[in-house]
Amino acid sequence: MIAAVLLLCAVRALGSDGAEPQDCVPSYEVACLLPVDYLNESDPVTMDLCMGKKLVISLKGLPGSPTCHWNRTDHSEMTINGSHAMVISALSEKDSGTYTLTCQTNSAQSSVTVNLNVLRPPTRPRLMLDRVNERMITPRFKCTSEGFPRPEIQWSEGKTGTYVTVGNEGAESSVSGSNYPKSEAMCCAINTEGQECSQLYDYDFETASGSQAEVSNLTLSPGQTLLLRCQKRGYTWPYPVWEKDGERLEARTVGCDLKKEMCIKNDRYARRLFAFLLMTSLNFNNIGTYTCRNPDGKTKSFNIHVQAEGFLSAQLNETKILSAEDTSSFSLQATVSYYPLLTHCFWEAPNKTVTKCTRDTWVTKHRNVMLHQPLETGEYKLHLEAGGHKETKTISVCVVDTPKFIFTEDDDEVMVHTSSLVPANYSWLSCSSLNDSCEVIHYETDSDVLCDKTIERNMSKYWEGSTLYLKFCLTNSFNSWCDKHHLIWPKITQNMQPKDHPQNDGDLMWKVGLRLLVLVLLTLVVVCVVLVYFVEKKKPQYQHDHMIPMVGPNNSNEEA
């Protein structure tokens, strides 16, 4: 059982489901090692992996039922059988070293040496005083840091320090304090994985523009160093003095033995008097308010907080709308606060490509992380990891280009086709000529929320007056665009009359009602005519059998 526990501690994680091993997909979180790609290599294989990544050793592609052994000197051996895969999660500096990977297949046994290097950003530099006990010599500022690759130490204002290496992964540099008589010295440790900086917190009573009781809040972590300095113009005593929570700290009693957790050092150069307060390794006993008091009564206070747990927070806008012309010059940016190290910082584009963050430099607290590349429409993700915490922030980017209006028409209507950002407003205008002012004849609002919506709108081409152009305008939150279309009129015959311009709902209902009334009246007339016809047809008809002779006057006389 003890051996099993030690084995699990050495590799921290082992995953197997007994199924056919799946392809290992590399990402900003996962690195893949496939023995099938390296077992015939005679030279060692070097893998440089970021701290916090997962290393997956998969047997995918090996023939038969292979068995592999992952072995490191002075460590337990790990065996991988068949379809199993080994996962070493959250790589740390302890995982760096030389390993032997040996695999036995059905036909033969082969092995390869793997040099695993866990890349780590520099630790936050320890900024301290050096040569503090040498009389008549100004103390030096010393800066130390560790990381892989070994970091380089740089000083603010381009000052050159004395650089030495410490151990396998450490670096140290020192400069004379006289290089920074009136400015806050800062040192930064830099390697391929990032930059971390520490600074001297300085206060000048002669030039400070703040109030006399100005207070600064500083939050640091256990083990960090803190170097404070206040100064005044002068040649001789009295120096400014330091207090903690209202109690004076005497320079003679506290002294400046660097083996102590706190020391006070007074110094004089450049016609100024300096009072240093150094805390060599912060702990919870150092929490409190430290005040530097000038002989004239002016004060400067620092509230010191010590936070043990790692933390991570980020601020990123949820949306960004920009012009297509600005996509090459605009950069995505987020503000990140973290402790102790920002081990992961990657931007994921809409096409799933991953890019390492660009970080601003020469900062000691909040840090901006950027993405410098041409942007496209879609969702961008920012993946962060620090202090044992992970966080993903998302921003939706909308690239807005000038919409292209395509007009088509038939005998009755003009249609426009385009695409653009919505919500938007659409307007149709009637224009008598190309340069004359136009009259709005139709307006509508599109309340959809889309970055790139296909838009199709139509309008009758017949209008009272002398309309020769129809103008379409689109307005959204980004800009406004318009375009005109010259009307092509159809041939007008006696039976084709121009249509009236669109009416409102009341006019339309009135016209429909009028037409229905005329139709009803016509129907009644037809019915009446038919009824009259049938009535007349059914009346009785009288026919005479003999003709009635006509009798004229005085017929007898005529005969006579």
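Could you tell me whether Ala189 is more than 33 Å from the chain's Cα centre (by Cα) and of a type in the set (Gly, Ala, Ser)? Judged against the criteria, Ala189 is not a match. The stretch 247-306 holds strands (runs of 3 or more DSSP E) entirely within its bounds, and those carrying 1 or more residues that are modelled with pLDDT of 90 or more and of a type in the set (Phe, Trp, Tyr) map to 272-279, 288-293, 299-306. You will find that of Ala251, Ala270, Ala275, the residue that is over 20 Å from Cys143 (Cβ atoms), open to solvent by 50 Å² or more (accessible area, probe 1.4 Å) and not polar (S, T, N, Q) is Ala270 and no other.
Residues that are among the aliphatic types (A, V, I, L, M) and either open to solvent by 60 Å² or more (accessible area, probe 1.4 Å) or part of a loop (DSSP other than H, G, I, E, B) (or both) within the stretch 319-340 comprise just one, Ile321. Only a single criterion out of (1) without any contact (Cβ under 8 Å) to a residue 60 or more places away in the chain; (2) closer than 30 Å to Leu384 by Cβ is not satisfied by Asn179, namely (2). Criterion applied to Arg131, Arg120, Arg126, Arg150 was being open to solvent by 40 Å² or more (accessible area, probe 1.4 Å) and either among the aromatic types (Phe, Trp, Tyr) or more than 29 Å from Val254 (Cβ to Cβ) (or both), and the one residue passing it is Arg150. Pairs are defined by a Cβ separation below 7 Å, a sequence spacing of at least 6 or placement on different chains, a first member in the stretch 383-396 that is in a strand (DSSP E or B) and modelled with pLDDT of 90 or more, and a second member that is among the acidic types (Asp, Glu) and open to solvent by less than 60 Å² (accessible area, probe 1.4 Å); the pairs so defined are His383/Glu348; Leu384/Glu391.
Residues in the stretch 46-65 that are closer than 30 Å to Lys390 by Cα and open to solvent by less than 30 Å² (accessible area, probe 1.4 Å): Met47, Leu49, Cys50, Met51, Gly52, Leu55, Val56, Ile57, Ser58, Leu59.
Here the condition is being among the charged types (D, E, K, R) and buried (at least 17 other Cβ atoms within 10 Å of the Cβ); of Asp446, Asp410, it holds for Asp446 alone.
What residue, among those in the stretch 254-267 that are out of contact with any Cys (no Cβ under 7 Å at 6 or more places or on another chain) and of a type in the set (A, V, I, L, M), is least open to solvent (accessible area, probe 1.4 Å)? Filtering first and then ranking leaves Met262.
In the condition set (1) modelled with pLDDT under 90; (2) more than 23 Å from Tyr338 (Cα to Cα), Thr165 is compliant with all but (1). Residue pairs whose Cβ atoms lie under 8 Å apart, separated by 6 or more positions or on different chains, with the first residue in the stretch 96-121 and outside any strand (DSSP E or B) and the second at pLDDT 90 or above and among the β-branched types (Val, Ile, Thr), are Ser96/Val118.
Every test in (1) touching a Leu at 6+ places or on another chain (Cβ under 7 Å); (2) closer than 30 Å to Gly246 by Cα; (3) hydrophobic (A, V, I, L, M, F, W, C) is passed by Ile287 save one, and that test is (1).
Can you name every residue in the stretch 424-442 that is modelled with pLDDT of 95 or more and farther than 11 Å from Lys471 by Cβ? Listed by number, the residues that qualify are Ala424, Asn425, Tyr426. Among residues of the stretch 384-404 being within 15 Å of the chain's Cα centre (by Cα) and among the β-branched types (Val, Ile, Thr), the one that is most open to solvent (accessible area, probe 1.4 Å) is Thr392.
Among the residues making up the stretch 413-423, those that are touching a residue at least 40 places away in the same chain (Cβ under 8 Å) and either open to solvent by 60 Å² or more (accessible area, probe 1.4 Å) or hydroxyl-bearing (Ser, Thr, Tyr) (or both) are Glu413, Thr418, Ser420, Pro423. Where strands (runs of 3 or more DSSP E) fall entirely within the stretch 30-90, those with at least 2 residues that are modelled with pLDDT under 85 and either hydrophobic (A, V, I, L, M, F, W, C) or under 15 Å from Gln109 (Cα atoms) (or both) are at 78-81, 85-88. Screening the candidates Pro498, Pro502 for the property of being open to solvent by 70 Å² or more (accessible area, probe 1.4 Å), modelled with pLDDT under 80 and in contact with a His (Cβ under 9 Å, 6 or more places away or on another chain) yields one hit, Pro502.
Counting only strands (runs of 3 or more DSSP E) that sit wholly inside the stretch 341-381, those with at least 1 residues that are within 17 Å of Ile395 (Cβ to Cβ) and touching a residue at least 60 places away in the same chain (Cβ under 8 Å) are 342-348, 354-356.
Given the structure, is Glu309 in a loop (DSSP other than H, G, I, E, B) and of a type outside the set (Phe, Trp, Tyr)? Criteria met by Glu309.
The values are calculated or read from the model by the stated rules, or taken from the named source; none is laboratory data. Predicted model, so just to flag it, every value in this text is computed and none were measured. Cβ coordinates were reconstructed from backbone atoms using ideal geometry, including for glycine residues, and neighbour counts include every protein chain displayed. Side chains included, ligands, DNA and RNA excluded: accessible areas come from the protein's heavy atoms. Shrake-Rupley method; radii C 1.70, N 1.55, O 1.52, S 1.80 Å.
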